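Enquirer: Handing you this structure, nothing more for now.
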Amino acid sequence: MSITVYVPRDSTAIALGANETAAAIVAEAGKRNIDIKLVRNGSRGIFWLEPMVEVATAAGRIAYGPVMPEDVASLFDAGFLQGGQHALAHGATEEIPFLKNQERLTFARVGITDPVSLDDYVAHEGFAGLRNALKLSQEQIVQQVTDSGLRGRGGAAFPTGIKWNTVRNTQGAQKYIVCNADEGDSGTFSDRMVMEDDPFMLIEGMTIAGLGVGATMGYIYVRSEYPHAIAALNEAVATARASHYLGSDILGSGHAFDIDVRVGAGSYVCGEETALLESLEGKRGIVRAKPPLPAISGLFGKPTVINNVISLASVPVIFARGAAFYRDYGMGRSRGTLPIQLAGNIKRGGLVEKAFGVSLREMLTTFGGGTASGRPIKAVQVGGPLGAYLPESQFDTPLDYEAFLALGGTLGHGGIVVFDESTDMLKMARYAMEFCAVESCGKCTPCRIGSTRGKEALDKVIKGEDREQQIHLVRDLCDLMLNGSLCAMGGMTPFPVLSALNHFPQDFHAKETP
């Protein structure tokens, strides 16, 4: 009987050598006439151990990592196929503290299954939520989502049930579900991991959304920089369609819903929902003025639900286990869990799914293990390149939408980027303005001109020219952008700039003229 060996197919693992490691394991097993079954699973999100190889034993899965091709022969010599001891052994995968101390609801299957195996998905509660949803009316489906307390995981944290209900109650011969998979924030990768490592979950969530609002067509808008995600999604969509989980008659219910995967044109601003719709319609990705809201007049002028990947991927577990089950996780108005991504100068980078309420400090120390450089943490940026920089005095803040809003920041997509004490926060503030200037769609003046003038002013501060006057100008520009921009691109750029100014003034005032 063959022994099952798991090597991730996730793009992070591939970038770290997983394909070469998998090939080496197959070759070594062949040399030794050992029968193995190689499964390319998703990553567990323990990125500092990738490529992480797991072996199925009678005692459960045993993990080894990071495994390079040159380590493979010694693993076989140590009897790793039976869970033998080795310098790269980490014991039972589920007992690794980084993984054991999580609350994995959305990522429950990720790393366990073969991402494109429908049988694997169904064997691990897959499509149980869809089967339950098919027994409910549209109103009951939307009410279940409302009762769960699910809010948008893309940044705005708008209650998902309210958005769905608006689309449900809007008349339209055609309605759409659009998945915003244009994950462009620095330090974020949870959307990519869902699409690469559990694509059927996204398909199931979108299908339930379609049933709830009366939409028969869905689009997944994926950024072009995600080729592995695009390939996995297309394969999963074709498989789901062939097995009647998608199509004109879902599971014989008479309900129709289908999905098309669309590749984005590479603009950061297309992560904004209305610019995304413009791009999806084949136009230049420029922000639309609102109203009308996309829920009323969205894709091709029809009522449209736009949710990001994690929002839609959270839906299946709500319908499989009930709204109350999901709602019981979290704190305040932030219910359920959030996949938190640890990146930057961090010792143990990766994905951590926790219920809302865990402190930022716990994420940085207990899970992240501090900086990779060993120096003290100076600042942490939460919520992507438009998120605020938080100093050490704010590390006890709970991960909660309202708590971060109170600090003048955003929890956003759950990305956390760590910087040590060697970081110059003046240069980080300048980078925020430059990022906005480069990525702005150019439609509104505060964003287009404000960011350009802001970058110029901070360049003068760096050179020591009229420092106080330029800092005053930057604050004025931030006020203008915050209150006058058409979308969050210009409206949130002041978050990193002002937080850097307010919390790290020494970096702005102690500059010597070069």
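Enquirer: Which residues, taken from segment 407-452, are open to solvent by less than 40 Å² (accessible area, probe 1.4 Å), of a type in the set (G, A, S) and either in a loop (DSSP other than H, G, I, E, B) or in contact with a Phe, Trp or Tyr (Cβ under 9 Å, 6 or more places away or on another chain) (or both)?
Expert: Within segment 407-452, G408, G409, G412, G414, G415, A429, A432, S440, G442, S451 meet the criteria.
Enquirer: Still on this structure, please answer the following. Any idea how many residues of segment 105-156 are at pLDDT 95 or above, of a type outside the set (D, E, K, R), open to solvent by 50 Å² or more (accessible area, probe 1.4 Å) and under 29 Å from G350 (Cβ atoms)?
Expert: Number of matching residues: 3.
Enquirer: While we're on this one: S243 is checked against (1) touching a residue at least 60 places away in the same chain (Cβ under 8 Å); (2) open to solvent by less than 20 Å² (accessible area, probe 1.4 Å) and fails just one. What number does that condition carry?
Expert: (2)
Enquirer: Okay, next question. Regarding G254, is this residue in a loop (DSSP other than H, G, I, E, B), surrounded by fewer than 24 Cβ atoms within 10 Å (Cβ to Cβ) and either without any contact (Cβ under 8 Å) to a residue 12 or more places away in the chain or touching a helix residue (DSSP H, G or I) at 6+ places or on another chain (Cβ under 8 Å) (or both)?
Expert: Numbers: in a loop (DSSP other than H, G, I, E, B): yes; surrounded by fewer than 24 Cβ atoms within 10 Å (Cβ to Cβ): yes; either without any contact (Cβ under 8 Å) to a residue 12 or more places away in the chain or touching a helix residue (DSSP H, G or I) at 6+ places or on another chain (Cβ under 8 Å) (or both): yes.
For G254, the condition - in a loop (DSSP other than H, G, I, E, B), surrounded by fewer than 24 Cβ atoms within 10 Å (Cβ to Cβ) and either without any contact (Cβ under 8 Å) to a residue 12 or more places away in the chain or touching a helix residue (DSSP H, G or I) at 6+ places or on another chain (Cβ under 8 Å) (or both) - is met.
Enquirer: Can you pull out the residues in segment 331-352 that are of a type outside the set (K, R), surrounded by fewer than 23 Cβ atoms within 10 Å (Cβ to Cβ) and outside any loop (DSSP other than H, G, I, E, B)?
Expert: First, the residues of segment 331-352 that are of a type outside the set (K, R): 331-332, 334, 336-346, 349-352.
Then drop every residue that is not surrounded by fewer than 23 Cβ atoms within 10 Å (Cβ to Cβ), which leaves 331-332, 343-345.
Matches in segment 331-352: M331, A343, G344.
Enquirer: Further question: Tell me, which strands (runs of 3 or more DSSP E) wholly within segment 1-96 include 1 or more residues that are in contact with a helix residue (DSSP H, G or I) (Cβ under 8 Å, 6 or more places away or on another chain) and either surrounded by 20 or more Cβ atoms within 10 Å (Cβ to Cβ) or modelled with pLDDT under 95 (or both)?
Expert: Numbers: elements: 3-6, 36-39, 53-57, 60-64, 89-92.
Correct list: 3-6, 53-57, 60-64.
Enquirer: Which residues, counting only those in segment 309-329, are outside any loop (DSSP other than H, G, I, E, B), surrounded by fewer than 24 Cβ atoms within 10 Å (Cβ to Cβ) and either among the hydroxyl-bearing types (S, T, Y) or in contact with a strand residue (DSSP E or B) (Cβ under 7 Å, 6 or more places away or on another chain) (or both)?
Expert: Residue satisfying the conditions is R327 alone.
Enquirer: In segment 241-265, what count of residues is obtained for those that are within 22 Å of N180 (Cα to Cα) and either of a type outside the set (G, A, S) or under 23 Å from the mean Cα position of the chain (by Cα) (or both)?
Expert: Residues of segment 241-265 within 22 Å of N180 (Cα to Cα): 241, 245-247, 256-265.
Checking the rest, the ones that are also either of a type outside the set (G, A, S) or under 23 Å from the mean Cα position of the chain (by Cα) (or both) come to 241, 245-246, 257-265.
The qualifying residues number 12.
Enquirer: Same structure again: Which residues, taken from segment 269-283, are in contact (Cβ under 8 Å) with a residue 24 or more places away in the chain and open to solvent by 40 Å² or more (accessible area, probe 1.4 Å)? Even if it seems obvious, please write down each step before you answer.
Expert: The first filter runs over segment 269-283 and keeps only residues in contact (Cβ under 8 Å) with a residue 24 or more places away in the chain, leaving 269-277, 279-280.
Result: E273, single match.
Enquirer: Here's another thing I want to ask about it. Out of all the residues in segment 163-172, is one or more closer than 28 Å to G332 by Cβ, open to solvent by less than 10 Å² (accessible area, probe 1.4 Å) and in a helix (DSSP H, G or I)? It would help to see each step written out before you state the result.
Expert: First, pick out the residues of segment 163-172 that are closer than 28 Å to G332 by Cβ: 163-169.
Adding the requirement that they be open to solvent by less than 10 Å² (accessible area, probe 1.4 Å) leaves 164, 167.
Cutting the leftovers down to in a helix (DSSP H, G or I) gives us 164, 167.
Yes: segment 163-172 contains one or more residues that are closer than 28 Å to G332 by Cβ, open to solvent by less than 10 Å² (accessible area, probe 1.4 Å) and in a helix (DSSP H, G or I).
Enquirer: Here's something else I'd like to know. Kindly indicate the residue of segment 479-508 that is farther than 22 Å from Q394 by Cα and not aliphatic (A, V, I, L, M) and also most open to solvent (accessible area, probe 1.4 Å) among those meeting that condition.
Expert: So the first thing to find is which residues in segment 479-508 are farther than 22 Å from Q394 by Cα, and the list is 479-491.
Still in the list and also not aliphatic (A, V, I, L, M): 479, 483-485, 487, 490-491.
Values: D479: 92, N483: 118, G484: 39, S485: 26, C487: 25, G490: 1, G491: 12 Å².
The extreme case among them is N483.
Enquirer: Still on this model: Give the residue that is nearest to L338 (Cα to Cα), with candidates limited to residues of segment 389-406 that are small (G, A, S) and open to solvent by 40 Å² or more (accessible area, probe 1.4 Å). Show your work before the answer.
Expert: Within segment 389-406, the subset small (G, A, S) is 393, 403, 406.
Imposing the further condition that a residue be open to solvent by 40 Å² or more (accessible area, probe 1.4 Å) reduces the set to 393, 406.
Values: S393: 23, A406: 19 Å.
Only one residue tops the list, namely A406.
The values are calculated or read from the model by the stated rules, or taken from the named source; none is laboratory data. Since the structure is predicted, the reported quantities are computational estimates derived from the model, not experimental observations. A quick note on method: Cβ atoms are made from the backbone with ideal geometry, for glycine too, and the neighbour counts reach across all protein chains shown. Please note that ligands, DNA and RNA were not included when accessible areas were found on the heavy atoms of the full protein model with its side chains. Shrake-Rupley method; radii C 1.70, N 1.55, O 1.52, S 1.80 Å.
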